[in-house]
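First the structure, in the form of structure tokens, and then the observations on it.
The values are calculated or read from the model by the stated rules, or taken from the named source; none is laboratory data. Everything numeric here is computed off the predicted structure, so don't read it as measured data. All Cβ positions, glycine included, derive from the backbone under ideal geometry; neighbour counts span all protein chains shown.
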Amino acid sequence: MSDRPSFYVSTPIYYSNGVPHIGHAYATIIAETIARYKRFCGYDVKFSTGVDENSQKVVEKAEEAKMSPESYADMMAAKHKAVWDGLGITYTDFVRTRDPRHFAVVQEMLQRSYDSGDIYLGTYEGKYCVGCEEFKCDADLNEAGRCPLHPDREISVLSEQNYFFRLSKYQDRLLALYEARPDFVVPSHRFREVIEFVRGGLDDFSISRAGSTFGIPLPFDPEHVTYVWYDALFNYYTACTDGQERFFPADLHIVGKEILRFHAIYWPAMLWSVGLDLPANILATWFITIEGQKISKSLGNVIDPVEFSREYPRELMDLYLLHSFPVGSDGDFSIGQATHSYNAHLANNIGNLLNRFLVLTLKIGGGVSGTASDAVFLADRANMEREYVAALGRCDLRAALEAVFQFADTLNKYLDTKRPWELVSDESRHPEVADVLLHLGEGLYAMACMLMPFFPAKMEELLARIGRGDDVHRIIAGSLPLDAGIPFASRFEVAEKGVPLFARIDVSK
């Protein structure tokens, strides 16, 4: 067992009836970036993702493909893993809800909750969206009486005898939780929506379906299988079985805003019912459109994130997804805007700074060393680090990136003021040039360390090109923790100019 502090981050488990596209990749890339950051701060990180397989959608898609539900689920699980592996996602756990260990967990939790009196048999009649795997009230439907998220599907009206969970019992306890933990859900405006919903009153919810054979049977009534949401939420606990219990509960659940209620209302109540602890934080992501349109196969605008990362620099996609949208706001993925952002922030800003450093350092012998002493520079660097650490502490990846980019702007202005290229032809003034380049090197070094969770491959290359390649191992091992202040390197060596770190992309094509 590691003696390092633990950190557990999770993505949603995605429905296995389709292959992940860039909208799914959004939440996963956020989780990946946070997981990297926590590792680089010295934490032992658990990072879970997976597939939600016990659903009616899987049965329908299997029938269309003329496959058994089990074979179809196996095939789709492999496709999901191929996407995340293709993107280099460093998950430690891939949960499948068809896995026997998950069956065992869910049945144990059902029995615990039943024994505590929180599950009872009743009759339910209501409107049900198969696409969401969720019962809907009239307020959830559009003017046509359909689910806004699945307007192409008819709403089913179901009347059946089900087992219910006593959610209403936990209303006051939930409100007390929200008051005691004002940062339980991020961003705050999504949290306010959750609080207002609970204040409006909670109904008990159905946790079972009768007559289905594809799902997890209730241990106290095997004629019923578990409703998919009760089953799915316990995936976060399943990932912590087999000797991994010390990671539970999660430090951060990352979920789409459309499933926030399940995680911020149902999940805490379910955990209380079975005697388990609550997660520390829940981050609600937002919807992405493509060039102003909803992501849809019928529109032909589905972006495969792996293929996109082969056609364009991987950093282009990650930068745009993590920097272009304020926390909690819906965003539109535009290839043109993504390219402009990449050129402005990475090619023209950080890439240009590195190029200037490499060229000028080679002109004065290939190395600079010493102690940075410019008071303004030191203050700007320290301010960048404070803003960066504070932003990541509240899961604001955009603000963390912005802190680094603003410092890069400051460094470019510093160089424009000092104008060291005008001094290199006079050897007697090389000490002045070296002092400017020392400060530039320290700035590049700090920025490279802080951008490692976002763009690891390119930042490893940057550090190597300024003669600090050995520090990459320290960062990855967490022995140079990013939240403890970036040390000063004091010496930099350049062997060659090389090709641009971030090649500009021609936007005229």
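Within region 151-169, track down each residue that is within 25 Å of Pro217 (Cα to Cα) and either charged (D, E, K, R) or surrounded by 15 or more Cβ atoms within 10 Å (Cβ to Cβ) (or both).
Glu160, Asn162, Tyr163, Phe164, Phe165, Arg166, Leu167, Lys169
Check region 405-413 and report whether any residue there is more than 20 Å from Leu480 (Cβ to Cβ), in contact with a helix residue (DSSP H, G or I) (Cβ under 6 Å, 6 or more places away or on another chain), among the aromatic types (Phe, Trp, Tyr) and not assigned by TED's automatic domain parsing to the domain that holds Cys41.
Scanning region 405-413 turns up at least one residue that is more than 20 Å from Leu480 (Cβ to Cβ), in contact with a helix residue (DSSP H, G or I) (Cβ under 6 Å, 6 or more places away or on another chain), among the aromatic types (Phe, Trp, Tyr) and not assigned by TED's automatic domain parsing to the domain that holds Cys41.
Matching residues to (1) out of contact with any Pro (no Cβ under 7 Å at 6 or more places or on another chain); (2) on the phi > 0 side of the Ramachandran plot; (3) assigned by TED's automatic domain parsing to the domain that holds Val368:
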site	(1), (2), (3)
Ala446	yes, no, yes
Leu451	yes, no, yes
Asp470	yes, no, yes
Gly478	yes, yes, yes
Pro487	yes, no, yes
Val499	yes, no, no
Asp506	yes, no, no
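Name the residue, out of Asp44, Asp93, that is buried (at least 19 other Cβ atoms within 10 Å of the Cβ), within 20 Å of His253 (Cα to Cα) and out of contact with any helix residue (DSSP H, G or I) (no Cβ under 8 Å at 6 or more places or on another chain).
On inspection, the qualifying residue turns out to be Asp93.
Does region 480-499 include one or more residues that are crowded, with 18+ Cβ neighbours inside 10 Å and in a helix (DSSP H, G or I)?
Within region 480-499 (the criterion being crowded, with 18+ Cβ neighbours inside 10 Å and in a helix (DSSP H, G or I)), the answer is yes, since at least one residue qualifies.
Looking at Tyr342, Tyr320, can you tell me which residue is under 33 Å from the mean Cα position of the chain (by Cα) and in contact (Cβ under 8 Å) with a residue 60 or more places away in the chain?
On inspection, the qualifying residue turns out to be Tyr342.
Could you identify the single residue in Leu252, Leu233 that is closer than 28 Å to Asn162 by Cβ, among the hydrophobic types (A, V, I, L, M, F, W, C) and modelled with pLDDT of 95 or more?
Leu233
Each row is one residue, and each column tells you yes or no for (1) within 12 Å of the chain's Cα centre (by Cα); (2) over 27 Å from Phe287 (Cβ atoms); (3) not in a helix (DSSP H, G or I); (4) not aromatic (Phe, Trp, Tyr).
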site	(1), (2), (3), (4)
His24	yes, no, no, yes
Thr28	yes, no, no, yes
Gly42	no, yes, yes, yes
Phe47	yes, no, yes, no
Glu60	no, no, no, yes
Ala73	no, no, no, yes
Asp85	no, no, no, yes
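Give the residue that is farthest from Arg112 (Cα to Cα), with candidates limited to residues of region 170-194 that are out of contact with any strand residue (DSSP E or B) (no Cβ under 9 Å at 6 or more places or on another chain) and surrounded by 20 or more Cβ atoms within 10 Å (Cβ to Cβ).
Step by step, filter region 170-194, then rank; the result is Leu174.
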